[in-house]
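Asks: Have a look at the structure that comes next, please.
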Amino acid sequence: MIRGISEAVIYGDQKKDRNFEYSPAIIFSVFCEKNVMGHLERFLDNNLDEVHIQILQTISILIQNIGITNQLCFLFDLLVVYIMSHKAMNTIISKTYNFNNSEVVNYYIAFLKSLSVRLNDETLMFFFNEVMWILIIEI
């Protein structure tokens, strides 16, 4: 289910046809209205490494891919800002993961890299106060 979220959003982002039943406006609306980020945050309460890996992978894929292929659709730029500004990002970054599992470490690093690639004047402000200190403390 978690992976399906990113697949649907990426597929909708890459579709250029406005008549596509999963248009960018619909995907953006559903993603926000259904509080997908909040659900992913709650899934982190599960202590299974596999769940944590899937969440880290899903968020990384979303951040890396949405808005890249469809430059004309500002809704996906908004979705990136929505994802990065959501309070769940603080939880995902500061969560104590099982770093004894090399796969968890790899996905966590990939997640941090995907965040760093998307940092700009608009998105940096979401991480400057709280998360920046969280990242410094974690390192």
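Asks: Can you confirm whether Asp13 is of a type outside the set (Lys, Arg) and modelled with pLDDT of 85 or more?
Replies: no
Asks: Using beta carbons and a limit of 7 Å, which pairs, at least six apart or on different chains, have the first residue in segment 33-62 and over 11 Å from Tyr107 (Cα atoms) and the second one of a type in the set (Val, Ile, Thr) and in a loop (DSSP other than H, G, I, E, B)?
Replies: Nothing qualifies.
Asks: Okay, moving on. What single numbered condition from (1) over 25 Å from Glu122 (Cβ atoms); (2) at pLDDT 85 or above fails to hold for Phe20?
Replies: With respect to (1) over 25 Å from Glu122 (Cβ atoms); (2) at pLDDT 85 or above, Phe20 is out only on (2).
Asks: Also, quick follow-up: Can you tell me which residue among Ile93, Ile63, Ile59, Ile55 is surrounded by 14 or more Cβ atoms within 10 Å (Cβ to Cβ) and modelled with pLDDT under 85?
Replies: Residue meeting the stated conditions: Ile63.
Asks: So Ser116 fits all but one of (1) surrounded by fewer than 15 Cβ atoms within 10 Å (Cβ to Cβ); (2) modelled with pLDDT of 90 or more; (3) under 16 Å from the mean Cα position of the chain (by Cα); (4) not acidic (Asp, Glu); what number is the exception?
Replies: Ser116 satisfies all of (1) surrounded by fewer than 15 Cβ atoms within 10 Å (Cβ to Cβ); (2) modelled with pLDDT of 90 or more; (3) under 16 Å from the mean Cα position of the chain (by Cα); (4) not acidic (Asp, Glu) except (2).
Asks: State all residues of segment 97-113 that are in contact with a helix residue (DSSP H, G or I) (Cβ under 9 Å, 6 or more places away or on another chain), surrounded by fewer than 16 Cβ atoms within 10 Å (Cβ to Cβ) and either of a type in the set (Asp, Glu) or not in a helix (DSSP H, G or I) (or both); if no residue qualifies, say none.
Replies: Asn98, Phe99, Asn101, Glu103 - these are the residues of segment 97-113 that are in contact with a helix residue (DSSP H, G or I) (Cβ under 9 Å, 6 or more places away or on another chain), surrounded by fewer than 16 Cβ atoms within 10 Å (Cβ to Cβ) and either of a type in the set (Asp, Glu) or not in a helix (DSSP H, G or I) (or both).
Asks: I would also like to ask the following. Inside segment 77-110, can you point out the residues that are under 18 Å from Met125 (Cα atoms) and of a type in the set (A, V, I, L, M, F, W, C)?
Replies: Passing the criteria: Leu78, Leu79, Val80, Val81, Ile83, Met84, Ala88, Met89, Ile92, Ile93.
The values are calculated or read from the model by the stated rules, or taken from the named source; none is laboratory data. Just so it is clear, the structure is predicted and the values come from calculations on it, not from any experiment. Positions of Cβ are backbone-derived with ideal geometry, glycine not excepted, and every protein chain shown enters the neighbour counts.
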